[in-house]
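Chemist: This structure is in structure tokens; I'll ask about it shortly.
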Amino acid sequence: MIKKLLSLSACALLALTPLASCGSIASAQKSNSKPHIVCTIFPEYDWVNQILGSHADDFEVTYLLSNGSDLHNFQPSIDDIAKISTCDLFIYTGGESDKWAEDAVKNSPNANMKTINLLDTLGDSVKEEELKEGMQECENEEGEEHGDEPEYDEHVWLSLENAETICKEITLQICSIDSENSDEYQENSSEYINKLSELDSNYRAELDSLKNTTLIFADRFPFRYLTDEYGLDYFSAFAGCSAETQASFETITFLAQKADLTNADTIFTIEGSDNSIANAVINATEKKNQKIVSLNSIQSVSQAQIDSGATYLSIMKQNLNKLKEALD
């Protein structure tokens, strides 16, 4: 029901946008000569800037969630839709959380706009949303009609291999916009992909010898691409795209039992958690002394964090260090 209401709200916004912003769109097109790239989430934004390199100031690059909004709760403003309507390249996830983006593309008056849908770019490597043992089902999805259409796990950026594939596609599109500097973009991309590959090797080396390979996650779980890539297992309270914030007694008991069985010293959460579920799980275990460690799903990175030096690579390195320390 929540997703349906948000979707209806987005549709209404899109319907109003042409009436509200025709004049501003026309003036923007005339006044702004820089190529414009709009990104929904931080990984896309960071990848674009890494590829642009010294030419970043020659482009206008917009990060829509720069206030730290969560991808699953974000709804675009009229100004956001106007920016998308006039941009040269629009990059979005393509999952259930940004269905509004598809409408924005369809309703854009800009026939020359290029788009990158991350899920479409990755094709068969995209995974379906997983309902694992002990995971609490989402109450807001009860009674909704999904038909036979699968729901895909949209957190594809948490795979370093996926990041390499997406960066190559971003590079192709940037080169098509500014072919004059394509050699530099290709060189920047190659150097950055080497860094992604190096970090991937570090993940494999560091996580290959872990004593414990099971994560107990007292939160929603957006890290399936990461755990699958490095042979880790997990048990979590909710699926990655869940809007639930309250765990049942059965869910808490299940996670506590798994923590006891795996002799877990750590209960994991994602960034921004109030740790209430994690504390409840700890209190239900036999030892009751586990520490709480937060992994960053990189979907709520704020402009303040960017200004402080946060990058996709730095956050992924922090996640690796936390996993290594907690599971070793």
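Derivation of every value follows stated rules applied to the coordinates shown; laboratory data play no part. Keep in mind the model is a prediction, meaning the values are calculated, not measured. Every residue, glycine as well, gets a Cβ built from its backbone with ideal geometry; the counts of neighbours run over all protein chains shown.
Chemist: Considering only Cα-Cα distances, which of the following residue pairs are longer than 29 Å: LYS132/LYS322; LYS83/LYS127; LYS258/LYS322; LYS132/LYS195?
Modeler: Pairs exceeding the cut-off: LYS83/LYS127; LYS132/LYS195.
Chemist: Per-residue counts of other Cβ atoms within 10 Å, averaged by peptide: what ranking do you get for 224-235, 193-204, 40-51, highest first?
Modeler: The densest-packed peptide leads the list: 40-51, 224-235, 193-204.
Chemist: Measure nothing but the geometry: give the 0 to 90° angle between the long axis through the Cα atoms of 160-177 and the longest principal axis through the Cα atoms of the chain, rounded to 10°.
Modeler: 0 degrees
Chemist: Further question on the same structure: Taking H as built 1.01 Å from N, whose amide H comes closer than 5 Å to the amide H of THR115, not counting residues under 5 places away?
Modeler: The answer is PHE90.
Chemist: With θ taken as phi - 60° and the coefficients 6.51, -1.76 and 1.60, list the Karplus ³J(HN,Hα) couplings across segment 228-233 in order, rounded to whole Hz; mark glycine and proline as x.
Modeler: 4, 5, 10, x, 9, 10
Chemist: Normalise the Cα radius of gyration of the chain by 2.2 N^0.38 Å (N = residues in it) and let me know the number.
Modeler: 1.05
Chemist: I want the local charge near LYS106. Using Cβ-Cβ distances under 14 Å, sum +1 for each Lys or Arg and -1 for each Asp or Glu among the other residues.
Modeler: Taking every other residue near LYS106 into account, the sum is -2.
Chemist: Suppose every Lys and Arg Cβ carries +1 and every Asp and Glu Cβ carries -1, with no other charges. What dipole size does segment 219-328 come out with about its Cα centre, to the nearest 20 debye?
Modeler: In debye, rounded to 20, segment 219-328 gives about 140.
Chemist: Skipping prolines and chain starts, which residues have an amide H placed within reach, meaning under 5 Å, of the one on HIS36, given they are 5 or more residues away or on another chain?
Modeler: HN-HN under 5 Å from HIS36: GLU60, ASP88, LEU89.
Chemist: Which value in nm describes the separation of the simple spin-label points at SER33 and LEU210, placed 7 Å from the Cα toward the beta carbon?
Modeler: 5.3 nm
Chemist: Need the C-alpha centroid separation for segment 49-63 versus segment 95-111, integer Å.
Modeler: Using only Cα atoms to place each centre, the spacing works out to 23 Å.
Chemist: I would also like to ask the following. Would you mind checking which residues have amide H under 5 Å from SER294's amide H? H placed 1.01 Å from N; only 5 or more apart, or other chain.
Modeler: The list, which skips near neighbours in sequence, is THR269.
Chemist: Rounded to the nearest 5, what is the percent of antiparallel bridges among the DSSP beta bridges in the chain?
Modeler: 10 percent
Chemist: Within the set of other residues whose C-beta is less than 12 Å from the C-beta of LYS291, count the net charge using Lys and Arg as +1 and Asp and Glu as -1.
Modeler: +1
Chemist: Looking at SER201, GLY231, ASN212, which one has the Cα that reaches farthest to the positive end of the dipole of segment 186-233 (charges on Cβ: Lys, Arg +1; Asp, Glu -1)?
Modeler: ASN212
Chemist: Convert each backbone phi in segment 214-227 into a coupling constant with the Karplus relation 6.51 cos²θ - 1.76 cosθ + 1.60 (shift: θ = phi - 60°), then list the ³J(HN,Hα) values in order as whole Hz, x for Gly and Pro.
Modeler: So the Karplus estimates, Gly and Pro as x, are 10, 9, 9, 10, 8, 5, 6, 10, x, 9, 4, 4, 5, 5 Hz.
Chemist: Still on this structure: So, by mean Cβ neighbours within 10 angstrom, what's the order for 263-274, 89-100 with the highest one leading?
Modeler: 89-100, 263-274
Chemist: Pairing the Cα long axis of helix 2-31 with the longest principal axis of the chain, what angle in degrees results, from 0 to 90 and rounded to the nearest 10?
Modeler: It is inclined by approximately 30 degrees.
Chemist: Place the peptides 77-88, 115-126 in order of packing, highest mean first, counting for every residue the other Cβ atoms within 10 Å and averaging per peptide.
Modeler: Per-residue mean Cβ counts within 10 Å order the peptides as 77-88, 115-126.
Chemist: Here's a follow-up. Quick one: putting +1 on the C-beta of Lys and Arg, -1 on the C-beta of Asp and Glu, what dipole do you get for the chain around its Cα centre, in Debye to the nearest 20?
Modeler: Taking the Cα centre of the chain as origin, the dipole is about 760 debye.
Chemist: Under a point spin-label approximation (7 Å from Cα along Cα-to-Cβ), what is the GLU198-GLU133 distance to one decimal in nm?
Modeler: Modelled inter-label distance: 4.1 nm.
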